[in-house]
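Colleague: This structure is in structure tokens; I'll ask about it shortly.
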Amino acid sequence: MRDINQFTITQAVKDTFKTEPGSRFETLLHGLIEHLHDYTREHNLTHEEWMGVLNFLYDCGQISTPERHEFILLSDVLGFSALVDMINTKGGATEGSNLGPFYLDNAPRKALGSDISDGRDGVTVLVHGRVMDTLKNPLPGAILDTWQADSAGTYPIQEQASGQDKFDLRAIFEADDQGRYYYTTVLPKPYTVPYDGPVGVLLRAGDRHAWRPAHLHYIVRHPGMNAITTEIFFENTEYVDNDAVFGVRKSLLAKIAPAKDIDALGYKLDKTPDAVCTYDFILAPAS
């Protein structure tokens with residue numbers, strides 16, 4: 001140890017970890033150490049810069065809560081989340097997109113045809129489609145976990161101090177025997193990612209905007225299939241070409257059309273929609 005220097009310390013650190021040779025954990029850990037050390041040497045990191053990074057990460061932890069995960073937001077704005085999604089979209093499935101910092105894993109279960117706008121003003125949109133496998137066979141009983149912002153671009157979870165229920169604009173649906181899902185909600189608007197914390201400081205320092213295009217979040221599951229976490233965006237709307245967190249994919253764009261001939265769909269709806277959004281989800285078999 002007494003003879004290590006800036007070029008031999010990397011191997012010395014790796015050698016201190018008694019990992020299983022050839023294991024995935026060893027590969028990931030050693031790779032992280034190597035890249036971190038290479039980055040530090042390449043840029044001749046100063047003490048002030050090193051401490052700045054540590055303080056930034058500390059601030060991310062301090063502002064995080066069960067309802068706000070600043071590290072997920074950091075991952076999003078750096079394109080890390082999008083890259084992981086892209087790498088892990090395989091087998092012809094619907095492309096993955098950002099989970100985001102506001103997911104709650106215990107949303108209320110609701111019947112198909114329910115309205116989840118919880119009385120909010122705005123354009124009422126029927127969101128519907130099918131869940132299928134890669135051969136376009138329907139997947140009855142598929143579970144769709146959805147959440148979104150409102151017509152002002154705000155998630156209720158951000159406004160609990162004003163009396164809003166954090167479970168508004170969230171629901172879990174089960175696809176019918178044809179693999180169909182359908183419900184009504186309020187059409188969301190674009191919004192900025194949380195800008196009052198360390199990630200906001202980073203965006204301002206980099207002269208970047210914080211806007212996200214309007215979207216709907218989903219996690220879709222079915223036994224024997226790989227679950228997907230993704231988002232639906234809307235064609236010809238603001239920020240679809242410059243999303244602050246790089247979540248938009250061409251395949252995830254849906255059209256918003258006037259509500260016409262919806263009776264022919266045979267849905268029983270709690271609320272009459274003004275518009276319709278159609279999107280089919282594709283799940284690939286679990287490997």
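Colleague: Can you name the number of the only condition in (1) crowded, with 16+ Cβ neighbours inside 10 Å; (2) closer than 19 Å to G96 by Cα; (3) not hydrophobic (A, V, I, L, M, F, W, C) that Y267 fails?
Modeller: (2) is the only condition that Y267 fails.
Colleague: Given the conditions (1) modelled with pLDDT under 95; (2) more than 23 Å from Y279 (Cα to Cα), which single one is not true for S117?
Modeller: Here S117 clears every test but (2).
Colleague: Something else: Look at H222 and say whether it is in contact (Cβ under 8 Å) with a residue 40 or more places away in the chain, open to solvent by less than 70 Å² (accessible area, probe 1.4 Å) and within 14 Å of the chain's Cα centre (by Cα).
Modeller: no
Colleague: Something else: How many residues does the range 107-125 contain that are part of a strand (DSSP E or B) and closer than 13 Å to P188 by Cβ? Write out each step before concluding.
Modeller: The initial filter retains those residues of the range 107-125 that are part of a strand (DSSP E or B), namely 109, 115, 124-125.
Among the residues that remain, those that are also closer than 13 Å to P188 by Cβ are: 124-125.
The number of residues fulfilling the criteria is 2.
Colleague: In the range 74-106, which residues are in a loop (DSSP other than H, G, I, E, B), buried (at least 17 other Cβ atoms within 10 Å of the Cβ) and modelled with pLDDT under 95?
Modeller: T89, N98, L99, G100, P101, F102, Y103, listed by residue number.
Colleague: Could I ask something else about it? As an exercise: evaluate V245 against (1) farther than 17 Å from V127 by Cβ; (2) within 16 Å of the chain's Cα centre (by Cα); (3) among the β-branched types (V, I, T); (4) open to solvent by 10 Å² or more (accessible area, probe 1.4 Å) and give the number of the one condition it does not meet.
Modeller: Here V245 clears every test but (4).
Colleague: Given (1) within 19 Å of A275 (Cβ to Cβ); (2) free of Cβ contacts under 8 Å to residues at least 24 places away in the same chain; (3) not acidic (D, E), where does L135 come up short, assuming only one miss?
Modeller: Status for L135: all satisfied but (1).
Colleague: Go through (1) open to solvent by less than 60 Å² (accessible area, probe 1.4 Å); (2) closer than 22 Å to G179 by Cα; (3) part of a loop (DSSP other than H, G, I, E, B); (4) not acidic (D, E) for C277 and report which single condition fails.
Modeller: (3)
Colleague: Right, next: State which residue is farthest from I219 (Cα to Cα) when the search covers only the range 174-195 and only residues that are part of a loop (DSSP other than H, G, I, E, B), open to solvent by 10 Å² or more (accessible area, probe 1.4 Å) and in contact with a helix residue (DSSP H, G or I) (Cβ under 8 Å, 6 or more places away or on another chain).
Modeller: Residue satisfying both the conditions and the ranking: Y195.
Colleague: Of all residues in the range 4-33 being outside any helix (DSSP H, G or I) and either farther than 22 Å from N44 by Cβ or in contact with a helix residue (DSSP H, G or I) (Cβ under 6 Å, 6 or more places away or on another chain) (or both), which is most open to solvent (accessible area, probe 1.4 Å)?
Modeller: Residues of the range 4-33 outside any helix (DSSP H, G or I): 4-8, 17-23.
After this cut, where a residue has to be either farther than 22 Å from N44 by Cβ or in contact with a helix residue (DSSP H, G or I) (Cβ under 6 Å, 6 or more places away or on another chain) (or both) as well, the list is 4, 17-23.
Working: I4: 72, F17: 91, K18: 179, T19: 23, E20: 130, P21: 109, G22: 68, S23: 22 Å².
Out of the qualifying residues, it is K18.
The values are calculated or read from the model by the stated rules, or taken from the named source; none is laboratory data. Please read these numbers as outputs of a predicted model, since none were measured by experiment. As a convention, Cβ positions derive from the backbone with ideal geometry for all residues, glycine included, and neighbour counts pool all protein chains shown. Quick note on the areas: whole protein, heavy atoms, side chains included, nothing else; ligands and nucleic acids left out. Shrake-Rupley method; radii C 1.70, N 1.55, O 1.52, S 1.80 Å.
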